[in-house]
Amino acid sequence: MKNIIFAFLLLSGLSTLNGQTKEELKALKKEKTDSIGALQGKADAIQGQIDALPGWRLKATGTIGGSASGFSNWYSKESPNSSVGNFGININAYADLIEDKYFWRNATNINIGWVKFDDEDDPSDSDKYEVATDIFTLSSLYGYNVAKNFAVSALLEYRSTLVNNFNDPGFLDLGVGGTWTPVPDLVVVIHPANYNFVFSSGDSQYHSTFGAKVVADYTRTFNGFNVKSNLSVFMSYEGSDYSNYTWTNSFSYTFWKSLGVGFDFGLRKNKQEALNYDLETDPDATFDSIDNELQSYWLIGLNITLD
């Protein structure tokens, strides 16, 4: 009986000791976690001071996504013997020169996607990857500061495709006005004097016009997250038929060194592009008869960030 009581007391003591040790370890973990958070906060503050210094700021981030699949004698499908694949890449890069009196901001966006559907039972079916998404944008903004958050500025922005039909069409904006920077991460361009040059070959409805240009660009990095959003709007003084806008967004999270996951999507409306597309099947199409539907793309995949 004494042995049983002794064993019970020993087990109770060990349980209490183990419980105390667990609580102590939890408290120690919380203390270390708080210390890491405080150090990270200090590191972020120092990085903010570094980013605020005059000079060049360079950064590039890219998202790569894709998938492939194959079917053999899969009779529940309409094409039982087939292979499917898609691959896409999106690159955002910028090189900004920030000085006390002036700035020069340069950026580029490239988004290209390929897709393949090969019906192996159809000899006329293509087994090649076809271009599904093809976007190329290049911009250069120069500004001279006349106030703390405002500058007189000039903008050059070019938009086209890169793989197929380069510069056909191509859109080139040249304009002057002002740039407002309410916070370091947000740049708002307002240019009431802007000419939208449109380049195209053959018989098309593309037309160059004079108008106003508005651009809002937001770029931020925090706690491993990278955010890039750009809205570019051209408002033609000759009417909405010649106006257009493009909104691109890139989000990524870096989980190890320069590697992470990314999500990119974009929206666009351009009535001239819509009319030119409809004219291929309907020679009588006009601005009034077409449906100027919203254009869009998206991509999810592995992300690589280079500073």
For the range 229-307, which trypsin sites (Lys or Arg not before Pro) are both in a DSSP coil and crowded by at most 16 other Cβ atoms within 10 Å?
Lys257
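Report the full-extension gain for the segment Val115 to Phe222: residue separation times 0.36 nm, less the Cα-Cα distance, to one decimal in nm.
Working: separation 107, 0.36 × 107 = 38.52 nm, distance 3.40 nm.
Working it through step by step, the gained length comes to 35.1 nm.
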Short version: ³J(HN,Hα) in whole Hz for each residue of the range 189-197, in order, from phi by Karplus 6.51 cos²θ - 1.76 cosθ + 1.60 (θ = phi - 60°), x for Gly and Pro, what are they?
9, 10, 10, x, 10, 9, 10, 9, 7
Working only with C-alpha atoms, what are the Rg and Dmax values of the range 124-226, expressed in angstrom?
18.0, 65
Integer Hz, Karplus 6.51/-1.76/1.60 couplings in order for the range 65-70, x for Gly and Pro:
x, x, 7, 8, 8, x
With everything on Cα atoms, drop me the angle between helix 2-52 and the longest principal axis of the chain, reported from 0 to 90° to the nearest 10.
30
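Please give the contour-minus-distance gain from Asp282 to Lys257: 0.36 nm per residue of separation, less the Cα-Cα distance, rounded to one decimal in nm. Numbers along the way, then the final one.
Numbers: separation 25, 0.36 × 25 = 9.00 nm, distance 5.25 nm.
Gain on stretching Asp282 to Lys257: 3.8 nm.
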In 5 Å bins starting at 0, how do the alpha-carbon pair distances of the range 56-306 split up by percent?
1, 6, 11, 14, 15, 15, 13, 10, 7, 4, 2, 1, 1, 0, 0
For the range 81-94, in residue order, the Karplus 3J(HN,Hα) values (coefficients 6.51, -1.76, 1.60; θ = phi - 60°; whole Hz; Gly and Pro = x) are 10, 7, 10, 10, x, 8, 8, x, 9, 10, 10, 10, 9, 9
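Which trypsin sites (Lys or Arg not before Pro) in the range 68-170 pass both tests, a DSSP loop state and at most 15 other beta-carbon atoms within 10 Å? List each step's numbers first, then the result.
On the way: sites: Lys77, Lys101, Arg105, Lys116, Lys128, Lys148, Arg159; in loops: Lys77, Lys101, Lys128, Lys148.
Qualifying residues, ordered by number: Lys77, Lys101, Lys128, Lys148.
If r is the Cβ-Cβ distance from Ala68 to Tyr237 and R0 is 41 Å, what FRET efficiency results, to the nearest 0.05?
Details: r = 49 Å, r/R0 = 1.19.
Computed FRET efficiency for Ala68 and Tyr237: 0.25.
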Summing -39500 (n - 2.57) over every DSSP H run of at least 4 in the chain, dividing by its residue total and rounding to the nearest 500, the 222 nm mean residue ellipticity is -7000 deg cm²/dmol
FRET efficiency estimate (nearest 0.05) - Cβ-Cβ, Leu28 to Val131, R0 51 angstrom
0.35
Of the chymotrypsin sites (Phe, Trp or Tyr not before Pro) in the range 203-307, which ones lie in a loop per DSSP and count no more than 13 other C-beta atoms within 10 Å?
Tyr237
Flagged as over-length at 25 Å C-alpha distance, from Lys128/Lys228; Lys77/Lys116; Lys228/Lys269, the pairs are Lys128/Lys228
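Give, in nm to one decimal, the length gained when the segment between Asp185 and Ile300 is fully stretched (0.36 nm per residue of separation minus the Cα-Cα distance). Don't skip to the answer; put the middle values down first.
On the way: separation 115, 0.36 × 115 = 41.40 nm, distance 2.42 nm.
Extra length available between Asp185 and Ile300 comes to 39.0 nm.
Against the empirical 2.2 N^0.38 Å scaling, what ratio does the C-alpha Rg of the range 64-138 come to? Walk me through the numbers before you get to the answer.
Numbers: Rg = 20.3 Å, N = 75, 2.2 N^0.38 = 11.3 Å.
Compared with the compact-globule rule of thumb, the range 64-138 sits at 1.79.
We did not get these values from a lab; they are worked out from the coordinates using the rules stated. All figures in this text were calculated on a predicted structure; none of them were measured in a lab. When we count neighbours, we look across all protein chains shown, and the Cβ atoms used for this are built from the backbone with ideal geometry, even at glycine.
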